[in-house]
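Quick one: this structure, given as structure tokens, is what I'll be asking you about.
No value in this document is a laboratory result; all are computed from the given coordinates. These numbers were taken from a predicted model, which means no experiment stands behind them. When we count neighbours, we look across all protein chains shown, and the Cβ atoms used for this are built from the backbone with ideal geometry, even at glycine.
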Ligand SMILES: *[C@@H]1O[C@H](CO)[C@@H](O)[C@H](O)[C@H]1NC(C)=O
Ligand SMILES: *[C@@H]1O[C@H](CO)[C@@H](O)[C@H](O)[C@H]1NC(C)=O
């Protein structure tokens, strides 16, 4: 019994999936570029959005559907600067994780990278009334607050790899895990497989 209780404590962690999103990576070419790869995701409650930063200076900042290029005071990854010499999918790129707490849509843009008007935006759990396409259209027409760079793709100016910045209101944490972008689609099956293994283990113990 105690074993089951202890094992059940770990189930939420087993079930939670990571939605890795490349920042400063073109989702169409797979190369360094503007925006987010992928630019629309559907994480579940308890999943993490893992922002993974490419060359240049980028930040993932939460905004709103109506004002895509203006910070809403929510999540802010802090500016992450990555050396231009690193390949697009180099290992150990800096990451910042954000826990998804509900099913409400979440909207983001790359403030440090600029180019919000050009489509450097991410939607998480867009709805039928607030679609990813409509968010991108809003971004194309959005006012970009002054002080926001208009372009800095692949233009790292400060030295070295990014240092973690804890400036965001959300407690962002740093981890050097490799890209899992390709794994995201299979996250569900992967979790079910792990769950099945946990159950098999439990049964053996009884
Ligand atoms: C980027 O990395 C290269 C190769 O490691 C290094 O020579 C260069 O100094 C780095 N540039 C910056 C801006 O840190
Ligand atoms: C979810 O809750 C955690 C813990 O309170 C918080 O750090 C995080 O910012 C929240 N996520 C969102 C998307 O607001």
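Please arrange 29, 131, 20, 95 by how many other C-beta atoms lie within 10 Å of their C-beta, fewest to most.
In order of increasing Cβ crowding within 10 Å: 29, 131, 20, 95.
In what sequence do 82, 50 fall when counting other Cβ within 10 Å, fewest first?
50, 82
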